[in-house]
1. If the chain between Leu282 and Thr344 were fully stretched, how many nm would it gain, using 0.36 nm times the residue separation less the Cα-Cα distance?
2. As an exercise, use a Förster radius of 25 Å and the Cβ-Cβ distance of Ile125 and Tyr329 to find the FRET efficiency, rounded to the nearest 0.05.
3. Within straight cross-link reach of Lys140, meaning Cα distance under 14 Å, which aspartates and glutamates are found once same-chain residues fewer than 8 apart are removed?
4. Using modelled amide H (1.01 Å from N, peptide plane; none on Pro or chain starts), what sits under 5 Å from the amide H of Gly340, excluding residues fewer than 5 places away?
5. If I stretch the segment between Asn291 and Arg198 completely, what's the gain in nm (0.36 nm per residue apart, minus their alpha carbon distance), one decimal?
6. Would you pull out the residues with amide H under 5 Å of Ile271's amide H, same chain only if 5 or more places away, H placed 1.01 Å from N?
7. Under 16 Å from the Cα of Lys173, which aspartates and glutamates turn up, not counting those fewer than eight places away in the same chain?
8. Would you kindly state how much longer the chain becomes between Glu85 and Ala169 on full extension, computed as 0.36 nm times their sequence separation minus their alpha carbon distance, in nm to one decimal?
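Every number here is computed from the coordinates shown, using simple stated rules; none is lab data. Keep in mind the model is a prediction, meaning the values are calculated, not measured. As a convention, Cβ positions derive from the backbone with ideal geometry for all residues, glycine included, and neighbour counts pool all protein chains shown.
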Amino acid sequence: MSIHRTAAAALRTISRRNHKFSTSTRVKASNNNNNKDRSEPAHAGSFARTDDSITVEYPEEHELPSSVPVAGAGRHPTLATFSLEGRVGVVTGGARGLGLVMGQGMVVSGADLAIVDLNKEEAEIQAKAIMDQVKKDNPKAKRSPNVTAHYADVSDPDSVNACIAEILAAHGKIDALVTSAGFTENFQATDYPIERMRKLFAVNVDGTYLFATAVARHLMERHAEGSMVFIGSMSGAIVNVPQPQAPYNSAKAAVRHLAASLAVEWAHAGIRVNCISPGYMLTALTEKILNDNPDLKRQWTSLIPQGKMGSPEDLMGPVTFLLSDASRYVTGADLRVDGGYTVT
């Protein structure tokens, strides 16, 4: 079940960067849980182990597939406490995938939004697309949302601070934060280049910390309450199979516990911090990977009690709940949105 794609197809294997695999045939045989290269039957524990033949390197920015806002997400009467009316939200990694849809959920719920992404051009396109879609879905709305696009390298403190200043200049304040910037790669730990691991932690963990602390300082200076949602992963609580991804799993575990730690530290200031841990979500990028690996998709879905992967829009409700006053007594929580994967 190797996942190897060309640059044109948005994925590159490690070998294109001249990294050498040193795994022996003996180790491959003992750790290959699909037994495709052997005549032996599946051995005990084989489907609960990682498969070292699965290798995925995260694509470069220009190779990432684009996403589109969700249609039909109009406003409907609900509890007033679920409203984000009058608030300004920030979503990092908001130009594509889960971040884009969660940002749209904030806007549909009444908030203005700042989309932060490494690709500002894509963020600008999506900011307009969200505003157009919300207007289309809510033709009688008295107010149009203000959605802006901003550049930031979330792993760089100077870039983060400049981005926060730009958002404040555009919106005047920040009330809510969703940290969705992050990426995963699949490699055996013994083959994963240390520079890639450092980048993975810098984006997933440092980026979350830098944006959270910057927004917290702003809220404390205003003496204002606020809410943050860190996007973790079920990988922060379990070990996924069959794909090997030890660095990613540990990074997301760090994000989950960072949310809990900051929830306690900032509770006195009225700042709530929670975590959402998605399961397998069918984003545009994931779909590209699985189209070439139907066996992998079948294995994933066979382990999900609901029998299917999630959609990005499945996160719109959870993130709105955790950002809104409907969850005002919820902080430090980890909400798993995984179709029941982690309870079996």
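1. That pair, Leu282 and Thr344, stretches by 20.2 nm at full extension.
2. It comes to 0.05.
3. Correct list for Lys140: Asp132.
4. none
5. Result: 30.5 nm gained on full extension.
6. Placed amide hydrogens put Gly226 under 5 Å from Ile271.
7. Partners found: Glu85, Asp112, Glu221, Glu225.
8. Length difference between fully extended and current span is 28.3 nm.
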